Amino acid sequence: MNIALIAATGNIGQRILNEALDRGHTVTALVRDPEKVTITHKNLSVSQIDIMNPDDVGTKVTGHDAVVSAYGPGWTDVNLLVDATASLIAGFKKATVPHLVAVGGAGSLEVAPGVQLVDTLPEEWKGIATAHRDSLALYKAEEELPWSYCSPAAYIEPGERTGSFRTGGTSLLVDAGGTSRISMEDFAIAIVDEVEKKAHLNRQFTVAY
Ligand SMILES: NC(=O)c1ccc[n+]([C@@H]2O[C@H](COP(=O)([O-])OP(=O)(O)OC[C@H]3O[C@@H](n4cnc5c(N)ncnc54)[C@H](OP(=O)(O)O)[C@@H]3O)[C@@H](O)[C@H]2O)c1
């Protein structure tokens, strides 16, 4: 497939890029600074993108079979995430691309009936978790758009590509020890699986051990 990957330079974006290339896909890495893409591959091209500009998003994603966004706003102004999501959706609407897969947040996952993880988080995590929840609401309002939204486990870190994990719906998945976690490498598998299979169209799903 011909995949446009927004934010291919991020911690998670880099793993998705590797996973997609290893599976033989062709990838356009759409990044704000092309010089930060340090790998070369016969199936990889790199372009600059301004994710806050819907026209630029529309132009750059046109012609691909799917768009993946691994965008993250950093920590200075986490609410940029909501603006970026709105711009991404508006740009995606301008292009006739069949699928948009978003890397989301865990905060909107339920930990008990009517209780989301974000409601239980310490103050320093609430901002980004709330921004992700608000971004998910923007996707959910787009019933005609072909999107998928993947929430990582509560803890997602660099690690091993085991290929062994669970996928779930809107509830936080925890392991036998009560911890919700996934490696970035395994999370990348789930994202590329979603690109290939579209198993969670217009739905939030989650990935954890
Ligand atoms: N448990 C959880 O809920 C959880 C845990 C971890 C991460 N996440 C979410 O997963 C996503 C990815 O996380 P990550 O750790 O990979 O983040 P990261 O390493 O900070 O990467 C962020 C990416 O976004 C790009 N970016 C930032 N501003 C941009 C702009 N204006 N235009 C284009 N690209 C821009 C960055 O580009 P540069 O390389 O140029 O800076 C980078 O590629 C984030 O949304 C994060 O909040 C969720």
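What follows is calculated from the coordinates using simple rules that are stated; it is not laboratory data. Just so we're clear, the structure is a prediction, and the values are computed from it rather than from any experiment. In this analysis, Cβ positions are derived from the backbone assuming ideal geometry, glycine residues included, and neighbour counts consider all displayed protein chains.
Key figures for this structure:
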quantity	calculated
Sequence-distant lysines (8 or more away, or on other chains) whose Cα lies within less than 20 Å of Lys94	Lys60, Lys140
The range 60-113: chymotrypsin sites (Phe, Trp or Tyr not before Pro) in DSSP coil with no more than 12 other Cβ atoms inside 10 Å	Trp75
Likely footprinting exposure, Leu136, Leu201, Leu17, Leu80, fewest C-beta neighbours within 10 Å first	Leu201, Leu80, Leu136, Leu17
Principal axis box of the range 158-209, alpha-carbon based, largest edge first, Å	31, 23, 14
The range 88-144 - convex hull of the alpha-carbon atoms, volume per residue in Å³	91 Å³
Mean-position separation - Cα centroids, the range 31-47 and the range 125-182, in angstrom	26 Å
Calculated FRET efficiency for the pair Arg203/Asn43, C-beta based, R₀ 25 Å, to 0.05	0.30
More than 22 Å apart - percent of Cα-Cα pairs taken over the chain	45 percent
Amide hydrogen neighbours beyond the local backbone of Val46, cut-off 5 Å, H modeled	Ala29
